[in-house]
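Enquirer: Sharing a structure here in structure tokens format.
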Amino acid sequence: MLDMKTGHPATTSNPHTGSLPTTPAAGIRALRSLAGLTIERLASEAGTSASYISRVENGERKASARWMGRVTGVISLHLEDAR
């Protein structure tokens, strides 16, 4: 689901948690940003292309569960290192 104003994946606002992603694509972007990863670095470490990540984040492509697992695994490692 895209935000009609921005064209980016939609989020929902909650007074207790702030803006939360409403799609897996928006979640990837939010977590990648939180981990301080560029699309290029995430792509390199996850064995995928930067353009594919960008298309997934923008809601232009759907990712398989296997692909999501690889990408979120890399993001998780970086989030753990950030602690």
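The values are calculated or read from the model by the stated rules, or taken from the named source; none is laboratory data. As the structure is a prediction and not an experimental result, all values here were calculated from the model. Cβ: placed from backbone, ideal geometry, glycine included. Neighbour counts: every protein chain shown.
Enquirer: Just to be sure before I move on: is Met1 out of contact with any Lys or Arg (no Cβ under 9 Å at 6 or more places or on another chain) and at pLDDT 90 or above in the structure I sent?
Expert: Answer is no for this residue.
Enquirer: Six or more apart or on different chains, Cβ atoms under 6 Å: show the pairs whose first residue is in the range 29-41 and under 10 Å from Ile53 (Cα atoms) and whose second is among the hydrophobic types (A, V, I, L, M, F, W, C).
Expert: Ile39/Ala50; Ile39/Ile53; Glu40/Ala50
Enquirer: Still on this structure: For the condition part of a loop (DSSP other than H, G, I, E, B), crowded, with 17+ Cβ neighbours inside 10 Å and either modelled with pLDDT of 90 or more or β-branched (Val, Ile, Thr) (or both), what is the one hit in Leu37, Leu31, Leu42?
Expert: On inspection, the qualifying residue turns out to be Leu37.
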